Amino acid sequence: MDFPQDLKYTKEHEWVKEEGGSVVIGVTDYAQDSLGDIVYVELPSEGADVTKDEPFGVVESVKAVSDLYSPVSGTVLEVNDSIVDSPEVINDEPYGDAWMLKIELAEPSELDGLLSVEEYKNYIEEES
Amino acid sequence: MRATNELRRTPLYQVHKALGARIVDFAGWEMPVQYAGVMEEHKAVRSSCGIFDVSHMGEIEIAGPKAEQACNMVATNNAERLVDGKCQYTIICNESGMALDDTILYRINSEKFIFCVNASNVEKIYDWLCARVGQVASVIDRSSEYGLIAFQGPKARGVLADITEDDTSVIKGFHFAFVTLCGVEVMLSRTGYTGEDGFEIFCPAASTAKIWNALMQAGSDEGITPVGLGARDTLRLEMGYPLYGHELTEETTPVEAGLKRFISVDGGDYFGKEVIAGQLAGGTLRKLVGIEMIDKAIPRAGYPIMKDGVQVGEVTSGTFSPTLERPIAMAYLELPVSEPGTEVYINLRGKMRAARVAKLPFYRRSK
């Protein structure tokens with residue numbers, strides 16, 4: 001399983017990539033693998049506000065539905081509509097083409113509470 | 001007694017581990033839910049062949065001179081219509097006509113029948129049969145003696161022919177025979193839960209892995225694929241087959257579930273017949289239907305179904321159909337809104353999403 005070094009992670013299995021005052025987020029390789037074949041995604045609209053640890057969307061595999069929890073608070077700058085049309089990309093490219101949202105940070109200090117790649121790896125090892 | 005937290009393993013557990021299956025707790029058993037992935041496994045069964053471990057299912061034997069009479073006292077179909085080597089789908093109901101289990105009944109000979117029952121219901125049905133017909137015939141739980149492999153798909157018959165010298169093509173649908181597969185005598189049944197041609201192979205428990213491995217090897221050129229419970233569910237849902245615990249429960253009758261074809265009116269006076277005959281004559285208040293979505297998202301078991309602001313039913317099973325590439329579901333709906341084409345709303349976690357009643361099955365194999 002792949003966990004890029006330059007990303008931050010959450011216990012809800014999302015990844016966060018810093019880009020200046022904003023972040024790009026998605027779900028991790030571990031998340032897509034646990035979910036299995038992903039067939040449906042529901043994301044907020046551009047301009048919507050998201051809140052740290054609150055659900056911002058839904059991802060469904062054949063078997064189950066899961067909420068997506070926002071790793072940060074802020075305003076949605078961009079939405080990756082292509083994964084809504086082709087949700088299977090999340091299984092294939094969880095860190096690349098399957099990014100979900102670009103968010104303008106309301107509280108940049110929230111980034112400090114996210115997990116490093118080592119912390120995340122340890123966490124999923126304990127969990128599984 | 002078995003500790004309640006102790007999970008049981010089928011004779012194929014190590015085979016699944018070696019294949020890298022994801023194992024889950026299902027009805028008290030450690031079962032493979034998927035190997036390569038639900039979509040891939042599902043498509044393999046529709047286009048080639050898939051092999052399933054369903055050894056968790058139970059086999060309860062009814063034996064003795066009055067075995068047929070005993071079967072007709074407890075199940076809705078008419079066992080008198082069976083001959084040696086024929087089987088039938090039949091439902092065991094309680095006195096109120098509510099389903100205790102849906103089963104396949106096999107007639108080995110006039111004094112020996114076997115009910116193949118759902119894993120979650122083995123003990124319940126064994127106790128029920130002992131109490132209700134234990135004085136009429138012997139009731140023996142043979143579940144631990146059998147492994148059970150389902151081998152399904154358009155290529156299944158050809159692959160199976162490679163590991164036997166018996167002519168298995170003479171076994172028609174809902175018939176079975178005792179044949180020898182790679183040196184092991186098995187009870188081979190032309191039945192399944194996928195909507196494809198295929199077999200269910202009742203093997204001696206100790207030889208189950210041998211037969212699995214022989215089929216895997218014989219089918220490798222055809223792309224034989226091990227299939228977990230995940231795709232077993234999507235396959236049966238496309239066919240509109242009921243799953244006990246969802247479409248059939250102790251709160252539903254087989255008439256509501258649309259299983260009239262498996263209810264005899266001329267056979268025995270089985271438990272629940274009065275209620276069931278009443279429903280056959282007078283109708284039911286609700287009906288099992290198919291659901292397709294107009295809006296996006298997948299309806300799941302337990303979601304309420306609304307019409308004009310009032311709840312008119314509930315989803316019993318829902319998934320994404322790998323063949324149709326869209327969401328499908330089954331649901332109980334009140335009779336006036338159960339006609340195919342009727343538009344309803346599904347309360348999907350608080351959001352109302354448009355859907356419509358659909359004809360079952362969702363899928364039919366090409367002949």
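Per residue, the average separation of C-alpha pairs within less than 8 Å and at least 6 apart gives segment A:8-107 a relative contact order of 32 percent.
Per DSSP H run of at least 4 residues, take -39500 (n - 2.57); add these up for the protein assembly as shown, divide by its residues and hand me the 222 nm value, nearest 500 deg cm²/dmol.
Working: 12 runs with 99 residues, N = 495.
Per the formula, -5500 deg cm²/dmol.
The stretch between A:ASP81 and A:VAL117 holds 10.2 nm of extra length on full extension. This uses 0.36 nm per residue minus the Cα-Cα distance. Applying 1/(1 + (r/R0)^6) with r as the Cβ-Cβ distance of B:ALA177 and B:SER47 and R0 = 25 angstrom yields a FRET efficiency of 0.40. Close amide-amide hydrogen proximity is noted between B:ARG286 and B:LEU335, each under 5 Å apart and 5 or more residues distant or on a separate chain (H modeled in the peptide plane; Pro and chain starts excluded).
Excluding ligands, DNA and RNA, what is the solvent-accessible area per residue of chain A at a probe of 1.4 Å, expressed in Å²?
Working: 5990 Å² over 128 residues.
Result: 47 Å² per residue.
Other residues whose C-beta falls under 15 angstrom from the C-beta of B:ALA18 contribute a net charge of +2, scoring Lys and Arg +1 and Asp and Glu -1. Just checking the listed ones, B:GLY64, B:GLY282, B:GLY219: in the Gaussian network model of chain B with Cα springs under 10 Å, the one fluctuating most is B:GLY282.
Entry for the protein assembly as shown at q = 0.07, 0.08, 0.09 Å⁻¹: log10 I(q)/I(0) = -0.44, -0.57, -0.71, Debye formula applied to identical alpha-carbon scatterers, no solvent contribution.
Using all pairs of distinct alpha-carbon atoms, the Kirkwood hydrodynamic radius of chain B works out to 21.3 angstrom.
Segment B:1-132 gives an Rg/Rh value of 1.04, both radii derived from C-alpha positions and Rh following Kirkwood. Calculated FRET efficiency, A:GLU18 and B:GLU251, Cβ-Cβ r, R0 56 Å, to nearest 0.05? Efficiency, rounded to the nearest 0.05: 0.55. Largest first, the extents of the alpha carbon coordinates of chain A on the three principal axes equal 35, 33, 22 Å.
The values are calculated or read from the model by the stated rules, or taken from the named source; none is laboratory data. Remember, predicted model here, so these are calculated numbers, not experimental data. Using ideal geometry, Cβ is built from the backbone for each residue, glycine included, and neighbour counts are taken over all protein chains shown. Accessible surface is based on the protein model in full, side chains and every heavy atom, while ligands, DNA and RNA are left aside. Shrake-Rupley method; radii C 1.70, N 1.55, O 1.52, S 1.80 Å.
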